[in-house]
Amino acid sequence: MKRDVIIACDFASKEATLEFLDKFAGESRKPMVKIGMELYYAAGNEIVKELKRRGHKIFLDLKLHDIPNTVKKAMKVLSALDVDMTNVHAAGGKEMMAAAIEGLTREDGTRPLLIAVTQLTSTSQEAMNEQLLIEGSINDCIAHYAKNAKEAGLDGVVCSPLEGGLVKEACGSDFMTVTPGIRFADSKTDDQKRITTPARAREIGSDFIVVGRPITAAEDPVAAWRRCIADFAD
């Protein structure tokens with residue numbers, strides 16, 4: 001897939017999600033969307049199937065993190081949903097990530113893209129060191145986790161846009177970076193710590209940006225999405 005903006009549909013119900021996406025009915029291209037834990041736990045597989053029927057590409061953001069066998073079996077279930085991208089936590093280790101690939105791969109050899117979360121964009125350097133007891137710099141941790149993901153056979157990682165360049169340097173330009181923590185220059189930062197603008201994310205080398213509240217809470221969500229597309233993807 002080419003560079004794109006992913007709208008984070010962090011809604012509490014199927015109805016709210018469809019009402020929001022109906023605003024884009026007149027657009028020539030269907031937005032790519034992220035289905036995260038809140039929406040998936042509320043609406044289950046049906047919301048995935050409905051959005052696929054409507055022609056949306058889907059990033060299923062469930063961040064699996066468990067023993068390898070459990071993750072493998074869960075990924076086999078998710079693979080049948082025909083999503084375009086899904087993810088695990090890199091902290092689960094290379095064996096777990098390799099098991100995820102195995103479970104995700106269908107009998108015909110096809111599979112969704114699989115990426116790994118390095119460090120959440122809400123995690124600060126201080127929190128990583130003092131609360132998670134991970135020593136060193138957050139950049140070193142992210143680069144190391146990204147290398148593990150590549151060695152396990154994954155397609156890329158989730159990282160903040162500020163780390164996109166160092167991931168490319170560590171893993172190569174073809175290793176995908178999916179970056180949340182995107183805000184317009186005139187937006188609130190909310191609970192994100194490591195953020196940047198769509199235009200700057202493109203300059204740094206992000207392949208996909210995940211944008212939630214700057215679009216979903218905008219007075220005109222379609223205009224905000226178009227602004228992201230213009231700044232990042234076009």
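The values are calculated or read from the model by the stated rules, or taken from the named source; none is laboratory data. Since the model is a prediction, treat every value here as computed from it, not as a measurement. Glycine also receives a Cβ, built like all others from the backbone with ideal geometry; neighbour counts cover every protein chain displayed. We work out accessible area using only protein heavy atoms, side chains counted, and drop any ligands, DNA or RNA first. Shrake-Rupley method; radii C 1.70, N 1.55, O 1.52, S 1.80 Å.
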Quick one: Karplus J couplings for segment 109-126, per residue in order, coefficients 6.51, -1.76, 1.60, θ = phi - 60°, nearest Hz, x for Gly and Pro?
-> x, 7, 6, x, 5, 10, 10, 10, 6, 8, 10, 4, 5, 8, 8, 8, 4, 4
Percent carbon-and-sulfur accessible area, segment 193-234, ignoring ligands, DNA and RNA, probe 1.4 Å = 43
Share of accessible surface on carbon and sulfur in segment 1-73, whole %, 1.4 Å probe and ligands ignored, is 48
Residue 22 - accessible surface, heavy atoms, 1.4 Å probe, Å² rounded to 10 | 80
Distant-in-sequence amide H partners of residue 61 (H built 1.01 Å from N, under 5 Å) | 35, 36
Taking only protein heavy atoms into account and a 1.4 Å probe, give the accessible area per residue of the chain in Å².
-> 47
With Rh as the Kirkwood radius over Cα pairs, segment 1-147 has Rg/Rh of 1.00
In nm, the gap between the two label points placed 7 Å beyond Cα toward Cβ at residue 144 and residue 127 is 2.0
What distance in nm separates the simple spin-label points at residue 102 and residue 45, each placed 7 Å from Cα in the Cβ direction?
-> 2.3
Work out the FRET efficiency for residue 218 and residue 27 from their Cβ-Cβ distance, taking R0 = 22 Å, and round it to the nearest 0.05.
-> 0.90
Surpassing 28 Å at the alpha-carbon level, of the pairs 34/76; 72/147; 52/168; 2/147, are 52/168
Under 5 Å, built H, 5+ apart or other chain: amide partners of residue 158 = 116, 117, 118, 178
So what is the calculated 222 nm ellipticity per residue for the chain, using -39500 (n - 2.57) for each DSSP H run with n of 4 or more, over all residues, to the nearest 500 deg cm²/dmol?
-> -11500 deg cm²/dmol
Figure the gain on full extension for residue 230 and residue 14 (residue separation times 0.36 nm, minus the Cα-Cα span) and round it to one decimal in nm.
-> 74.9 nm
For segment 145-234, what D do you get in µm² per second when you plug the Kirkwood radius from alpha-carbon pairs into Stokes-Einstein at 37 °C and 0.692 mPa s?
-> 244
What distance in nm separates the simple spin-label points at residue 76 and residue 110, each placed 7 Å from Cα in the Cβ direction?
-> 2.0
